[in-house]
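In what follows, a structure is listed as structure tokens, so that the remarks can point back to it.
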Amino acid sequence: MRISIVGTGYVGLVTGACLAEQGHEVVCVDVDPRKVDMINAAESPIHEHGLSELLRRHVGRGLRATVDLRAAVRATLLTFIAVGTPIGDAQIDLSFVKKAALDVGAAMRESGDYHTVVMKSTVVPGTTLGIVRESLELASGMQAGSDFGLGANPEFLTEGTAVADCAYPDRLVLGALDARTQATLEQVYEGVDASVPRIVCNPTTAEMIKYASNAVLATMISFSNEIAKVATAVGGVDAAEVMKGVHQAAYFTSHVMGTRVTAGAARYLEAGAGFGGSCLPKDVSALIGHGRSLGLDLPLLEAVLEVNRGQSDEVMRLVSKHVSSLDGTPVTVLGLAFKPDTDDVRESPAWPIIAKLQAAGARVTAFDPVARPVAHPAMTDVMLAGTLAEAVADAEVVVLVTRWGAFTQLADLLRIRPYQPLVVDGRRVLNPSDFERYEGIGLASSASPSPRPKADPRQASRRPGHASVKRSEPGAQAG
Ligand code: NAD
């Protein structure tokens, strides 16, 4: 099928490349000519595993990019709208969606042909049949459901594994206003394995499924962080062990060919430095704002965000257990991307942590294996290191924020230093016994971590006599 996608970001580009892989003829539209030029040169503007290969395979054949939205719509049978839906004044900002719908409608008026428009962006329930329908009808002079097709097909890909998620989705939510749109959507996804559940519903239900899916993940993360807070205060309890025990429940496990397998949901039942990214914080905020506009308070979701905001304070509390003053102290933050395997730094948990470290007077160095957000306002006065070794060479405190695999080399890099920094593990990925002074979220100072290999005896002692660094409390090694 000839398909156009308006908005060529993380969702639009990955969707376009995967649809081209499935044999469709795809035109990606964006207002950013730099992105368009890069895509047409088969270069990926984002870091996403497998995407460059797909671009090399399909650009110039079944995939191209353009800034000319109207020509793209006229040349295709179906348009996905995949523009950003940021949070505005405590409400979802639908201005990009509205502009895109008006432009698509104007192109439909020019061609006069039957066209199908499908919302892929995450939008609050009622948007497709509300502002999108109104904008399309106004600009095209046509009627939704008869003169043109309308639907909502939210996206569930996760950055870092977006190509695989798109090629092998866990579900397809097909929300259509009319039977013809339903049939068109089924045709679009003909190439997706028949065993993938198709949830056929109206567009508003489809929109709500997306919000409920993100809200439950955010809730599980904040739940785990609250449990970790209790575990830390009780003492002698490691929240990571608690959560491992929770993960073993029958409702979080299944048997696959005789082997007990933990459900993917368990990944969200772990304490850490909080959630970020372009989806969870904004979508939970949008749902709360939408609830408010309907006269509803959503105290559970408010608390989910509140707990999440508190995680940067938890990191600071762990630092201050060892460092009485951060004034002038070199502190290294490891990880700027909101999660590993992406360069996306939107709403990264690193930003409030960096802001609080700087407010306390720390000299902050940051390192990320991929993200290079040099122009981000939060990077003002932050030194961006080129390598992990350079980043931690002089640090007195190292705070791990993102679960990048490369950070497991940290212990080896620190071992060769003459004095040891405090390591604060915001993701509980490091082995506490590899470090002279270690703190981990959810690991109380008096807790005994699970038995691990002994620390390397070459580990040198901390730099003597530095005034701002407190002596380790007994057991501080354990966190
Ligand atoms: P993004 O910011 O990466 O991309 C949006 C793109 O739309 C940008 O390139 C922008 O230039 C372009 N754009 C804006 N207005 C336009 C217009 N009028 N015409 C053409 N292009 C226009 O956003 P994203 O992360 O891809 O997210 C898009 C939507 O998908 C959002 O609603 C988001 O919530 C949702 N979503 C995102 C993810 C994710 O992991 N990023 C996952 C699922 C759903």
Mind checking which residues of segment 414-425 are in a helix (DSSP H, G or I) and modelled with pLDDT of 95 or more?
LEU414
Restricting to helices (runs of 4 or more DSSP H) lying wholly in segment 1-110: which have 2 or more residues that are at pLDDT 95 or above, more than 9 Å from the ligand (Cβ to nearest atom) and farther than 30 Å from ALA194 by Cβ?
33-40, 69-74
Long-range neighbours under 8 Å by Cβ, at least six apart or interchain, first residue farther than 15 Å from VAL333 by Cα and of a type in the set (Val, Ile, Thr) within segment 397-420, second modelled with pLDDT of 95 or more and not in a helix (DSSP H, G or I):
none
Go through segment 194-228 and count every residue that is over 26 Å from the mean Cα position of the chain (by Cα) and farther than 22 Å from THR127 by Cβ.
2
In segment 128-160, what count of residues is obtained for those that are more than 10 Å from the ligand (Cβ to nearest atom), touching a Ser or Thr at 6+ places or on another chain (Cβ under 9 Å) and assigned to a loop (DSSP other than H, G, I, E, B)?
2
Evaluate segment 166-176: report whether one residue or more is more than 16 Å from the ligand (Cβ to nearest atom), surrounded by fewer than 17 Cβ atoms within 10 Å (Cβ to Cβ), touching a residue at least 12 places away in the same chain (Cβ under 8 Å) and assigned to a loop (DSSP other than H, G, I, E, B).
no
Which of the numbered conditions does ARG260 fail, given that it passes all the others? Conditions: (1) of a type in the set (Lys, Arg); (2) closer than 28 Å to LEU172 by Cβ; (3) surrounded by fewer than 18 Cβ atoms within 10 Å (Cβ to Cβ).
(2)
In segment 177-206, how many are exposed (fewer than 15 other Cβ atoms within 10 Å of the Cβ), among the small types (Gly, Ala, Ser) and not in a loop (DSSP other than H, G, I, E, B)?
2
Anything in segment 255-304 that is closer than 16 Å to ILE92 by Cβ, part of a helix (DSSP H, G or I), of a type outside the set (Val, Ile, Thr) and within 16 Å of the ligand (Cβ to nearest atom)? List them, or say none.
LEU280, PRO281, LYS282, ASP283, SER285, ALA286, LEU287, GLY289, HIS290
Within segment 333-370, how many residues turn out to be free of Cβ contacts under 8 Å to residues at least 60 places away in the same chain, part of a loop (DSSP other than H, G, I, E, B) and not charged (D, E, K, R)?
5
Quick check on THR15: is it out of contact with any helix residue (DSSP H, G or I) (no Cβ under 8 Å at 6 or more places or on another chain), outside the structural domain of ARG346 (by TED's automatic domain parsing) and of a type in the set (Val, Ile, Thr)?
no
Residues that are of a type in the set (Ser, Thr, Tyr), in a helix (DSSP H, G or I) and over 30 Å from GLY84 (Cα atoms): does segment 229-252 have at least one?
yes
From the residues in segment 370-405 that are surrounded by fewer than 16 Cβ atoms within 10 Å (Cβ to Cβ) and touching a helix residue (DSSP H, G or I) at 6+ places or on another chain (Cβ under 8 Å), which one is modelled with the highest pLDDT?
ALA389
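Residue-wise test of (1) more than 20 Å from PRO169 (Cα to Cα); (2) touching a Leu at 6+ places or on another chain (Cβ under 7 Å).
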| position | (1), (2) |
| --- | --- |
| GLN22 | no, no |
| ILE39 | yes, yes |
| GLU48 | no, no |
| LEU69 | yes, no |
| LEU77 | yes, no |
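The values are calculated or read from the model by the stated rules, or taken from the named source; none is laboratory data. Remember, predicted model here, so these are calculated numbers, not experimental data. Glycine gets a Cβ as well: all are built from the backbone with ideal geometry, and neighbour counts include every protein chain shown.
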